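For reference, the structure is listed below as structure tokens.
The values are calculated or read from the model by the stated rules, or taken from the named source; none is laboratory data. All figures in this text were calculated on a predicted structure; none of them were measured in a lab. Here the Cβ positions follow ideal geometry from the backbone for every residue, glycine too, while neighbour counts run over all protein chains shown. The area values use the complete protein model at the heavy-atom level, side chains included, leaving out ligands, DNA and RNA. Shrake-Rupley method; radii C 1.70, N 1.55, O 1.52, S 1.80 Å.
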Amino acid sequence: MVKCTICGVREAFFARLYSGERLCVKCFIESIENKVRATIAKHKMFEFNDRIAVAVSGGKDSLSLLHILARIERDFPRASLCAITVDEGIEGYRDEAVEIASENCRGLGVEHHILSFKDLYGYSLDEIVERIRRCRSGLTPCSYCGVLRRRAINLLARKIGATKIATAHNLDDEIQTFILNIVHGDPLRVARTGPTFDEEEPGLIPRVKPLCEVLEKEITLYAYLRGIRFQENPCPYAGEALRNDVRNMLNRLEEKHPGTKYTVYRSAERIREMIRGSIPRITLNQCRICGEPTVGEICQVCQLLQKI
Ligand code: SF4
Ligand code: ZN
């Protein structure tokens, strides 16, 4: 029997190749929760009196984040935790995910707030997809979904008085985005992404990513080991081809050279630190149509809605 590197007592079931550790179930679970706690402390993500809204989609990452924060909530004595879910309106997919999210919230005793695209914008994502296909705009469902969801999360968090939004981006998501920015010829964007969103802007609730230093594979394992029920089916519209290629490339590299993903992550962190101060601060205007904060005159949400 191979013993756990950490406790030295129980049988190891998982080999963490990038660190050489062999872990038992209990030490593995604790290692994930400790890592999240350390990430939160390192980036000073929460104040003790924050009201934290966890953006919960119903998938493994967001539900694991909710469970972990609920467990370590005692670290922030007066912080109150709640969950927010955006129902994009994807039949047979999001309806199931919303139900799973609600079930988890009930089990944890966390209040749950839901906002649908239909109520907010007048269209469900399914209806939007029908329209963009008809008018052949060349835009994908994900390009609408991402922008509209971001706005919906911010509005809902603001409405319920949240002071922070916690999203479940994991280390894989972060490094994929970093590489994609390079591929898209926008490397300086790395300065505006990262574990925290620290430029305070009126109307925008600051976002933090407590899972940003945990590998996707380990979060999935955590969810299974903790017995968290989550939605496993992929979205019927999923298919950002370039991101999938980057994901596969990074997975192949990690398999052949364990630790590569962390190295890429650290590189992004170092570049971000170096260039952050030299990037001019963007001043936001109010959108001429909806009044929400935007870089230009008309926000992306209103531009997209005008197209349909
Ligand atoms: Fe939205 Fe695209 Fe994600 Fe589906 S895959 S939920 S359409 S962003
Ligand atoms: Zn607008």
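Which of the residues belonging to segment 226-242 are among the aromatic types (F, W, Y) and within 13 Å of R94 (Cβ to Cβ)?
So the first thing to find is which residues in segment 226-242 are among the aromatic types (F, W, Y), and the list is 230, 237.
Across segment 226-242, the qualifying residue is only Y237.
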Original post:
closer than 30 Å to L81 by Cβ, away from ligand 1 (no atom under 16 Å from the Cβ), assigned to a helix (DSSP H, G or I) and touching a Lys or Arg at 6+ places or on another chain (Cβ under 7 Å), is that true of A268?
Top reply: no
Original post:
Any idea which of (1) over 27 Å from A38 (Cα atoms); (2) assigned to a helix (DSSP H, G or I) is the one D173 doesn't satisfy?
Top reply: (1)
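Could you tell me which of the residues R281, R247 is part of a loop (DSSP other than H, G, I, E, B), in contact (Cβ under 8 Å) with a residue 12 or more places away in the chain, away from ligand 2 (no atom under 16 Å from the Cβ) and open to solvent by 30 Å² or more (accessible area, probe 1.4 Å)?
One residue alone meets the criteria, R281.
How many residues does segment 28-42 hold that are open to solvent by 50 Å² or more (accessible area, probe 1.4 Å) and either polar (S, T, N, Q) or assigned to a loop (DSSP other than H, G, I, E, B) (or both)? Please lay out each step first, then the result.
Filtering segment 28-42 for residues open to solvent by 50 Å² or more (accessible area, probe 1.4 Å) gives 30, 34-35, 37-38, 41-42.
Pick out the ones that are also either polar (S, T, N, Q) or assigned to a loop (DSSP other than H, G, I, E, B) (or both) and you get 34.
Count: 1.
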Original post:
Condition test on E292, is it acidic (D, E), surrounded by 16 or more Cβ atoms within 10 Å (Cβ to Cβ) and touching a strand residue (DSSP E or B) at 6+ places or on another chain (Cβ under 9 Å)?
Top reply: yes
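I'd like to know if segment 122-142 contains one or more residues that are in a loop (DSSP other than H, G, I, E, B), basic (K, R) and open to solvent by 20 Å² or more (accessible area, probe 1.4 Å).
So in segment 122-142, the residues in a loop (DSSP other than H, G, I, E, B) come out as 122-124, 136-140.
Subsequent filtering for residues that are basic (K, R) retains 136.
From the residues that got through so far, the ones that are open to solvent by 20 Å² or more (accessible area, probe 1.4 Å) too are 136.
Looking through segment 122-142, at least one residue is in a loop (DSSP other than H, G, I, E, B), basic (K, R) and open to solvent by 20 Å² or more (accessible area, probe 1.4 Å).
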**OP:** With respect to R150, determine if the residue is free of Cβ contacts under 8 Å to residues at least 40 places away in the same chain, of a type in the set (K, R) and either closer than 30 Å to M249 by Cα or surrounded by fewer than 16 Cβ atoms within 10 Å (Cβ to Cβ) (or both).
**Re:** yes
Original post:
Cβ-Cβ below 9 Å, separation at least six or inter-chain, first residue in segment 220-236 and away from ligand 1 (no atom under 16 Å from the Cβ), second assigned to a helix (DSSP H, G or I) and acidic (D, E): which pairs?
Top reply: T220/D61; Y222/E33; A223/D61; R229/E103
Subject >> Residue among L242, L253 that alone is in a helix (DSSP H, G or I), over 22 Å from T167 (Cα atoms), aliphatic (A, V, I, L, M) and within 16 Å of ligand 1 (Cβ to nearest atom) >> reply: L242
**OP:** Find the residue count for segment 56-75, including only residues that are open to solvent by 20 Å² or more (accessible area, probe 1.4 Å) and free of Cβ contacts under 8 Å to residues at least 40 places away in the same chain.
**Re:** 4
